[in-house]
Each structure stands twice: as C-alpha cells, then as structure tokens.
1. Going by the structure shown, is residue 125 open to solvent by 50 Å² or more (accessible area, probe 1.4 Å), over 30 Å from residue 269 (Cα atoms) and of a type outside the set (Gly, Ala, Ser)?
2. Do you know which of the residues in region 328-346 that are closer than 20 Å to residue 277 by Cα and touching a residue at least 60 places away in the same chain (Cβ under 8 Å) is surrounded by the most Cβ atoms within 10 Å (Cβ to Cβ)?
3. Can you name the condition, by its number, that residue 257 falls short on among (1) surrounded by fewer than 18 Cβ atoms within 10 Å (Cβ to Cβ); (2) in contact (Cβ under 8 Å) with a residue 60 or more places away in the chain?
4. Looking only at residues in region 23-66 that are in contact (Cβ under 8 Å) with a residue 40 or more places away in the chain and at positive phi, which one is least open to solvent (accessible area, probe 1.4 Å)?
5. Provide a single number: the residues in region 208-219 that are open to solvent by less than 20 Å² (accessible area, probe 1.4 Å) and either out of contact with any helix residue (DSSP H, G or I) (no Cβ under 6 Å at 6 or more places or on another chain) or among the small types (Gly, Ala, Ser) (or both).
6. Looking only at region 1-25, which residues are in contact with a Lys or Arg (Cβ under 7 Å, 6 or more places away or on another chain), more than 13 Å from residue 65 (Cα to Cα) and at pLDDT 90 or above?
7. Residues to consider are 315, 325; find the one that is in contact (Cβ under 8 Å) with a residue 24 or more places away in the chain and part of a helix (DSSP H, G or I).
8. Hey, can you tell me all the residues within region 257-271 that are touching a helix residue (DSSP H, G or I) at 6+ places or on another chain (Cβ under 9 Å) and within 10 Å of residue 247 (Cβ to Cβ)?
Amino acid sequence: MSATTSVERMPREIFVPARGQYDNIGDILLRRQLLDWLRPNGPLHVYVGEAPEGYAEGLALTPDDVQYRSFRAWYTAALCSAARGRASYVFKPGEIQLTLIGMKEHLAMLPVLALVRARHGRVARVGVGSRNFAPLPRALMGPSIALSNLSLWRDAATAGYLGQGRIMPDLAFASDGRTEKRDLADEVRDVLVVSMRFDLDYPNAEWLAGVRAVAADNGLMIWCVTQVLRDDDRCGQLAADLDGYALRWNGTGHDEQEQRLRDLYRRAALAVSDRLHVLVGALTEGAVPAALLVSGKSDKIARHFAAAGLHDVSIDSAGLRGSQIRDRLQNLLGRRAPILAGLAEAQTELQTVRRLLDQVLSIESVR
C-alpha cells in the first residue's frame, strides 16, 4: 500500500508600504490603485505609519488587509514571513527623492529584499519616478534594483537614469474602479478648475487675465480647489483674484475631499494646475489638463504625461500676455477628443502592466 503526500500551496504574503504625504490626496490615488492591483495576489501587509484616519480610509483598506502603524512591527513581520518562504515585497509608487532620507525605503529594506529573494519570493516596484538625478544616489539604488524581479518607471528620464526596467504610465491615470463608467466626451462641462502650488511664485496679472478670459469665452465658472493641504491658502487667494469659487480643505476626511474634488472634476472642461496629480485626477474625470506654469523650469508634468503618450499639455507662461495665455488654453480645449483618446490608450497600457505584475507575483509558497 503506498501513501501519497499532498502539498498545499498558498499565495505569498505581500508586504507593501503605503505611507506618504498625509496632506496630499494625490498620494492616495497612487497607493490605492496599487493596493487594488495587489489584493488578488495574496494577503496584504500594509505599512501606513502615523496616518490620520481619513488617509487610511482613502486607501480603501479592507478588513482582510493587515495594517501596521509601527515600522518596527511591520519590518519584523516582513523578515519573519520572508524567512519562512512566504513573503513578497512591492515598493510604494510615486516620487523618490534621491537623498539619504528619501531613499530610506530602498536602503533599509535591503535585508528583507535579500531574504525574500533567497526564499524564492518576488520583489517589484511599479510606477516609481525620480525627482533628482545625481550620480551617488544612483549607485546607492543599485542593490535594490538588482534584487527586484520587476522595475517599472513612470517617466523616461528616471528609466534612463537608473538604467534598468521599462516605462509605464503613472498609476493615477488608471480609471477609478469605484465610479461607474461613463462617456467622458458627452458630459456637460461648465467649470474651469484651478489649483497651484504654494511653494512656487504666485501667478502674475497676465496669467490671471488669461485664465479669466478663457473661462469667459467658454462660459465656465472658475473653481479653485485644494488637493494638497499646503496649497489651501493659495487656493483662497486665487479664488479671490480670479473672481471664482473655492473648494478648500482642512486636512481631514481625505476620502470625502477626494469625492468632492471628483464631483467638481466631472463638471470641468479645463483643469489648470502645476500639480501633476491634480491634472491627472481631473483628466480621468474628463477635464482637459493644462499645466500652466508660472515658470517653465520644471519638466516633471511634461515627462509624466509623455510616458502616458500625452504630449504638449504644458505651457510656460513666463513673458506671455494674457491674450496669448488665453489662446494657448483655448487650443488645448480644442484638442479634447484626442486627449481623451490618449487617456484611454494609457489606461489600456496600465491593464497590460497589471497583468505583468500579476505574472511576477504568481509564485506561491508551500505550506
């Protein structure tokens, strides 16, 4: 009589950090999308740090997700799971500041990554971009990248700088699965949204005149909005100077503020901002994005839209008259159909990225 032994296989536990700038709803858009993608591949162990309740709710964590506020507890759990051959690790999406502080995750997690890989787990980074491009941080990133099974960067400059991996659209371009699908091209649009960074020069009189003019030409109400709490005072000032309305925020109820923003973006014909994820979030709700920069020194928005196949959405307003700014914004409005078509292509590409990530994480652990 022969005996047979059955081997039970189970999905690996996926350790993923989801902490970010707690006053920035854009960070929630990225992290929630990744968590939604990861959940079917195994139990999530999510590090949120000292996140306020609204931030955690905005991430839409489920009762089955194991949530950690203590880094030490999360790190220890990751090491123990990796040692048992049950762990995979996925880096958080978004921007890396390539400084010693900004690279903390990529350096501190090296022991976990090495143990995960030694026990045949998987390591992935999806939708990551660099803010700066100095040689020393690039060298320090080398071991972390070498231990990754998959590296997908959200702009060409980062991919060229770090030298390994491929380019993908930013995760925020993905359609929001929590809202019902609609025909974005057919909706009534009666709003022009404005949101500008608090830490850059305030728009001059020509900038303000150009925005007011394109709103008047198209019968649009101007709404200034706060998607990043640090921008809230600027939101109020812009609303006053543009004779518009203000959708402000006190930093609580992140999920509720996101819904208020989405409701307004669904009415917007045009979104004017120097915040990447204001423009991306508004675009996913059907608004034409216009990166109307006070100074053209930064190419961040252009780089990330180009990675999604969307070009010429940035306008350097320095030295332009109000009438010229109006004309350039009007030109963007006239490109609405091809811009929405480009968004649809980017979302299709993101579904391909999701399938690739699923394939990488499909390895199972043996109980």
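1. The answer is no for residue 125.
2. Among them, the one singled out is 329.
3. Evaluating residue 257 over (1) surrounded by fewer than 18 Cβ atoms within 10 Å (Cβ to Cβ); (2) in contact (Cβ under 8 Å) with a residue 60 or more places away in the chain leaves (1) as the failure.
4. 42
5. 3
6. Hits for region 1-25 are 12, 23.
7. Details: 315 fails: part of a helix (DSSP H, G or I).
Testing whether each residue is in contact (Cβ under 8 Å) with a residue 24 or more places away in the chain and part of a helix (DSSP H, G or I) leaves just 325.
8. Answer for region 257-271, where residues must be touching a helix residue (DSSP H, G or I) at 6+ places or on another chain (Cβ under 9 Å) and within 10 Å of residue 247 (Cβ to Cβ): 257, 261, 264.
The values are calculated or read from the model by the stated rules, or taken from the named source; none is laboratory data. Predicted, not measured: the structure shown is a model, and the values here were computed from it. For neighbour counting, all protein chains shown are included, and Cβ atoms are generated from backbone atoms with ideal geometry for every residue, glycine included. We work out accessible area using only protein heavy atoms, side chains counted, and drop any ligands, DNA or RNA first. Shrake-Rupley method; radii C 1.70, N 1.55, O 1.52, S 1.80 Å.
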